[in-house]
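Structure first, commentary second.
The values are calculated or read from the model by the stated rules, or taken from the named source; none is laboratory data. Just so we're clear, the structure is a prediction, and the values are computed from it rather than from any experiment. Methodologically, a virtual Cβ is constructed for each residue, glycine included, from the backbone with ideal geometry; neighbour enumeration extends over all protein chains shown. Side chains included, ligands, DNA and RNA excluded: accessible areas come from the protein's heavy atoms. Shrake-Rupley method; radii C 1.70, N 1.55, O 1.52, S 1.80 Å.
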Amino acid sequence: MRLSFCGNDNASAYNISAGVLRNVCFVDALNLVPHVFLLFITFPILFIGWGSQSSKVQIHHNTWLHFPGHNLRWILTFTLLFVHVCEIAEGIVSDTQMKSRHLHLFLPAIMGFVAATVSIVYYHNIETSNFPKLLLALFLYWIMAFVTKTIKLVRYCQDGVPFSQLRFCITGIMVILYGLLMAVEINVIRVRRYVFFMNPQKVKPPEDLQDLGVRFLQPFVNLLSKATYWWMNTLIISAHKKPVDLKAIGKLPIAMRALTNYVCLKEAYEEQKKKVADQPNRSPSIWLAMYSAFGRPILLSSTFRYLADLLGFAGPLCISGIVQGFQNTTNNTNTTEKNPSNSYLSSEEFLRNVYVLAVLLFLALILQRTFLQASYYVTTETGINLRGALLAMIYNKILRLSTSNLSMGEMTLGQINNLVAIETNQLMWFLFLCPNLWAMPVQIIMGVILLYNLLGVSALVGAAVIVLLAPIQYFIATKLAEAQKSTLDYSTERLKKTNEILKGIKLLKLYAWEHIFCTSVEETRMKELTSLKTFALHTSLSIFMNAAIPIAAVLATFVTYAYTNVKPLQPAQAFASLSLFHILVTPLFLLSTVVRFAVKAIISVQKLNEFLLSDEIGDDSWRGGDSSVAYESCKKHTGLHTKAINRRQPLRYQLESYEQPTKKQTRPVEIDDIAIKVTNGYFSWGSGLATLSNINIRIPTGQMTMIVGQVGCGKSSLLLAILGEMQTLEGKVHWSNVNESEPSFEASRRNRYSVAYAAQKPWLLNATVEENIIFGSPFNKQRYKAVTDACSLQPDIDLLPFGDQTEIGERGINLSGGQRQRICVARALYQNTNIVFLDDPFSALDIHLSDHLMQEGILKFLQEDKRTLVLVTHKLQYLPHADWIIAMKDGMVLREGTLKDIQNKDVELYEHWKTLMNRQDQELEKDMEADQTTLERKTLRRAMYPRESKSQLEDEDEEEEEEEDEDDNMSTVLRLRTKMPWKTCWRYLTSGGFFLLFLMIFSKLLKHSVIVAIDYWLATWTSMDNANEVRNVDDTYHVAVFSILSGAGIVLCLITSLTVEWMGLTAAKNLHHNLLNKIILGPIRFFDMTPLGLILNRFSADTNIIDQHIPPTLESLTRSTLLCLSAIGMISYATPWFLVALVPLGIAFYFIQKYFRVASKDLQELDDSTQLPLLCHFSETAEGLTTIRAFRHEARFKQRMLELTDTNNIAYLFLSAANRWLEVRTDYLGACIVLTAAVTSITEGPNSGFVGLGLLYALTITNYLNWVVRNLADLEVQMGAVKKVHSFLNMESENYDGYLDPSQVPKDWPQEGEIKIENLCVRYENNLKPVLKHVKAYIKPGQKVGICGRTGSGKSSLSLAFFRMVDIFDGRIVIDGIDISKLPLHTLRSRLSIILQDPILFSGSIRFNLDPECKCTDDRLWEALEIAQLKNMVKSLPGGLDAMVTEGGENFSVGQRQLFCLARAFVRKSSILIMDEATASIDMATENILQKVVMTAFADRTVVTIAHRVSHILDANIVLVLSEGFLVECDTASNLLLKEDGLFTTLVKTHK
């Protein structure tokens, strides 16, 4: 058949006798003109543009801006393209009904489609290069197109073409579209004035884009890029080359920053407050505030959601149409040919065409998915904005919280942390899900109506099944939440126990008690597993309900239909209703979740409201306020309180002089000599009862005021009252105004009202040491050095791995109390403020440091600066240094004045002080011996030492097989980043046991086969030739098979969901059990090398992931993968040609998932890692409120909070944008699969049933494709936990078996306590240097031996060698004739006793601490306690031996703890006792008790003492002196002292 434009089957085609415009063909040709014109003009411009643009691949931020009507233009163009597609389709369908080809029916439409596409590409390029003059070409095109289309429409009207004809409708719509586009173009000219006007308007791009730091472009790109997240491509592809970091994701756009949203929400909330101001019992509604601040985007999102839901129903309708059409075409093949002159199609005929329906289905799917993702994105963005605003609101409230609220326990830190971590997230999640609340009911109602239309009454039966089973879903969901809560309680308890084990691991090993404690953890773990079982059961029930409800509903419907309807079931009905049931199940399943979240959100809002309405601190404008006011108020009271103060000599004030007003009026300037004064002050902690009463004090400027008094007399409260932290019941606090005589008025003003304050309980930021000291002030090296020296911090800083750049605080390195306190004092000294408040800075410091701080820091550093200092202290020996003393008692001021005044006036008080001072001096003598600081430093060094050694265990990112490939080039890194950790997955799956693994795989495959079989059976049943005679018999048979298959499917759903969860539980159980046993049996060196937090992480976060997160992910992954595979298999079975089309789609899918997984993992990590600092910042602010407010640093902390919130939000935004990127792409791929499946099955399909089946399955693929990728990505992240746990499982254990059987060792060995050390060499690990070299010694039974030497000489290593805690690689130790290396470890360690330097107690009863094995009688325990001088104290406790010990023994003093350790060693009646620096951390009194006990109670036992101070071992029978691992001297102490140049002699001299 020859081609011709007007067709060659009609002679009159080229006839123009009736006028040119009366010829249809000519009018169509005329329509080609504008399109060709546009292509001719724009192509050269575009090519020139592309040529120059190749240099600038990145869009230029500085020229990037939307022209007016930007979005409208995109929408109109998309509509135009759609109409063009309809026109092409209409043309082609009409053409198929002609005898010859009529190109004029569809060629102009095709050209129009091309032209429309070019127009938008052209527009986009003009817009990005901001060159509006070139838009004229488009303007002309729209005019021409409008004119030619109008001509065509007029021609149709003249010919009297009816409105029902499709071509008439299309032409009419096009005229409207071209007209609108013309209007948009005119509007651009009107606004931008680029042509026809003298002065074109200059426009700048949005502020965000001028800032190159903004990388989140969603708000700025064009509509197409917005809908498909095209702008994300660069990020996702670059993630492949190098990890995504915070720099790569840049800053948040201004509109999304926490501050912007905070202002919105705050204004809305204030509005609500105004509304309820006159109604005292109503509280302002946060809901309304949130609605007025964020209502619009929610409405937008809901609109998108409704559109998507309505388009979702296109699927079932198109399936029904296609199957119906297919059936009709197969039944009647003859088609009628049309007369060319009457070549108009009606809309119905058009929509009956199967191919048209397939294309429509494809377009509907694409649109539906685009709208759905848009709706998700808008809610996510709004949710993130809301969370930012709420966090800022909460933070601002925290900064204004009244201190009494926090201290009286009305608002605990835990509650605040919950608000930040849980409630804000609940609200954010609620926002994500809230469009579902009103979209789902509509979706359900629509679905039921359509079902009713298809199947009549029987549809309602199916719907009823679904609706009735929905409440059960809700019930299961609530049960799940409960199970999760109880699991959490048990795991917290298990972690506490694990933490105790790890902290005391050395002691447990030395006493051979590991297994006792291990079983206790295992018991808690069993409880936790029981509650995990209920959790797993409910999870699997929920999964089962999800899978089984649609099967049950379909079964009920079709069985009812078969028995109630006369007409047999048609394939069109069957498959359309099947796909409707699939649509219906999702909202019903989600509804329970959404309702649960709504309930949670309501509770969260209540909590938030309570918090936002709680008491605030009084407005302290007096401190930062107008100085003249303060000045006036001082003038009023000048008579009472001011006298010129001579700074050189302390004032001899008499108290009486206060009573009579002074004769001389003072000059105003001298007021400045009093910095602060309180008149007639009554202050309370919010209870209404005055804690401080009748306070009248003054604090002289530039001098040192000391506040003294007993514990709890209100000294700290007085400082806080002055700072305005307490409620003022009556009276005033006056701060003097600025000293005008100072030259730099501004400089003095700046820090004037900020007070450098060091609280009693040290408060550190999670920051470096330097940042903690500087605290936001400018860095001044000289000043910094002076301050660190004054606080003697330098030696401590030198111990830290990165000096003063080391992170300290909650997440950083744990410092001791004294070190923390010194840092806080240093912070107060460093600040450039006029007033310094130090609250008991000496409490945690030993005497040397206190003296040094007093001399260097306070007397020198502060007094030189002429700063006003208020010092609260218990150390009365410093009173002589004070310029002014305030003595307090029971919340009142007892005395005020100089020391001389008090000596003269209150002799009694002065004498009382004197006796106290003497007592303190005596303590001093004792204290000079015990140097607490060196001890603290030693602890710090011990904590730091492992960190410096390479943490070889933590090289988690190194794959095991990486060893042979050492070169760390980019390609290997990339390979690792894109590779799924299959090896780890296999390890995880097998750790659940092979039987369960096999059962899981088998039941999964069986279940999916059955589900496919159900649908297959339905296809054969419905597409049979419906001969009426055999109907009843056949139907019964069909229904029976169908019911049996459905029943089997439902049962299998239950079995599979249970096996997956069961396997997950078994794997979790085994992994934790192996991990715990491995860790507990690990060598002591491992615990020195690995930070405690790291090991704990394996037991907390990683175990939690393995317990609760991997099983559902695995279930979801296997389910969606198998669904997709079975769907592809089914379609390919129906139409093998589909496989050909599948290849390119498969390749596309592979690359999408590969790129996405890498980027998603990075973004996930960024989101996690930016969340922690934010939460910490909140909790540390709440803890350090008084300090922040005293320093006046609220603004700086707010700024930091906003930065942290924005950083976390941008990470989260990018993560959700990446998810949208993936879903849009997989959805489009799914739509392509549907299109290919539809087209191939229409052309090749065997019968209508299989066409329906193929389409149904193609539709399910679209739902599950993105789940496959999402779950893969999640699983990859979660497998990291399994990998980390495995890295510990490969560790070497200690060798617990000896050559001798425990039964061969005598029961009472070692009886005598004789020790021979023969040529002993010891090292910590076989790759390290020896720490003891060739030590030889002989210790007789019952001797008292002292071992001494400098630090690092190997003293402690020798004590560990007795227990084989270290590697003895040469020589041996023989105890009572048995070589200890032949003994089983447990036997050896359980027969010796040791007292360690750090006293360690465990939480439990006192009995448990002394004898965890429960072997001894009570008498034996009391005897031990009596020996340790603890009997009376324990008797006085409630419960005696069963009295509880808190974690770490915190409820006993250090000395008492050490005595308990002594009693513990005595309970174990061993003839050898080793004391490893046991007296280092206790006071003199306890130490004397210890020495006595050792001499008496252990008289007949061998005691080896490792000396902390040489003086302890002067009376030992024999002394071993070690140096650098060699034994250098060995004799009695008296003999050794005779050697003048001996090491022992020097040690004694230096230590005495």
The alpha-carbon center of the stretch 589-604 and that of the stretch 206-242 are separated, in whole Å, by 33
Over all viewing directions the Cα convex hull of the chain casts an average projected area in nm² of 75.2
Largest-first ranking of 919, 1225 by accessible area, probe 1.4 Å, whole protein assembly kept, is 919, 1225
Under the 7 Å Cα-to-Cβ spin-label approximation, residue 475 and residue 1043 lie apart by a distance in nanometres of 2.5
Net charge (Lys, Arg +1; Asp, Glu -1) of residues whose beta-carbon lies under 13 Å from that of residue 210, residue 210 excluded, is -1
If the chain between residue 99 and residue 270 were fully extended at 0.36 nm per residue, the gain over the current Cα-Cα distance would be 54.0 nm
Plugging the Cβ-Cβ distance of residue 287 and residue 761 into 1/(1 + (r/R0)^6) at R0 = 35 Å yields, to the nearest 0.05, a FRET efficiency of 0.35
Set 677/914; 1316/1336; 1069/1283, cut-off 18 Å on Cα-Cα distance; pairs above it are 677/914
Two pseudo-spin positions, 7 Å from Cα along C-beta at residue 212 and at residue 680, lie apart in nanometres by 6.7
Net charge (Lys, Arg +1; Asp, Glu -1) of residues whose beta-carbon lies under 12 Å from that of residue 1203, residue 1203 excluded, is +4
Plugging the Cβ-Cβ distance of residue 1077 and residue 233 into 1/(1 + (r/R0)^6) at R0 = 51 Å yields, to the nearest 0.05, a FRET efficiency of 0.55
Expected field for residue 1287, accessible surface area in Å² at 1.4 Å probe radius, rounded to 10, holds 30
Within the under-11-Å Cβ sphere about residue 427, not counting residue 427, Lys/Arg +1 and Asp/Glu -1 give a net charge of +2
For the stretch 1198-1279, the accessible surface attributable to carbon and sulfur atoms (probe 1.4 angstrom, ligands and nucleic acids excluded) amounts in percent to 54
Expressed in nanometres to one decimal, the distance between label points 7 Å along Cα→Cβ at residue 464 and residue 1537 is 10.4
Relative contact order as a percentage, the chain, C-alpha pairs under 8 Å and 6+ apart, gives 10
For residue 1447, the accessible surface traced by a 1.4 Å probe with all protein chains present amounts, in square angstrom to the nearest 10, to 70
In this structure, among 226/266; 242/1161; 152/226, pairs with alpha-carbon gaps over 24 Å are 226/266; 152/226
Interchain or sequence-distant (5+) residues whose placed amide H lies within less than 5 Å of the amide H of residue 701 are 674, 675
For the stretch 482-543, the accessible surface attributable to carbon and sulfur atoms (probe 1.4 angstrom, ligands and nucleic acids excluded) amounts in percent to 63
Loop-resident trypsin sites (Lys or Arg not before Pro) in the stretch 1322-1429 with no more than 11 other Cβ atoms inside 10 Å, DSSP not H/G/I/E/B, are 1415
By accessible area (1.4 Å), largest first, 211, 1107 order as 211, 1107
Rounded to the nearest 10 Å², the 1.4 Å probe accessible area of residue 66 is 60
Excluding residues fewer than 8 positions from residue 273 in its own chain, the lysines with Cα under 30 Å of it are 397, 600, 607, 1198
Heavy-atom accessible area per residue of the chain, all protein chains kept, 1.4 Å probe, expressed in Å², is 44
Heavy-atom accessible area with a 1.4 angstrom probe orders 685, 1221, most exposed first, as 685, 1221
Counting only protein heavy atoms with a 1.4 Å probe and every protein chain in place, the carbon and sulfur fraction of the accessible surface of the stretch 1397-1552 in whole percent equals 54
Most packed first (mean Cβ within 10 Å per residue), the peptides 269-280, 769-780, 420-431 order as 420-431, 769-780, 269-280
FRET efficiency for residue 1151 and residue 1024 from the Cβ-Cβ distance with R0 = 25 Å, rounded to 0.05, comes out at 0.05
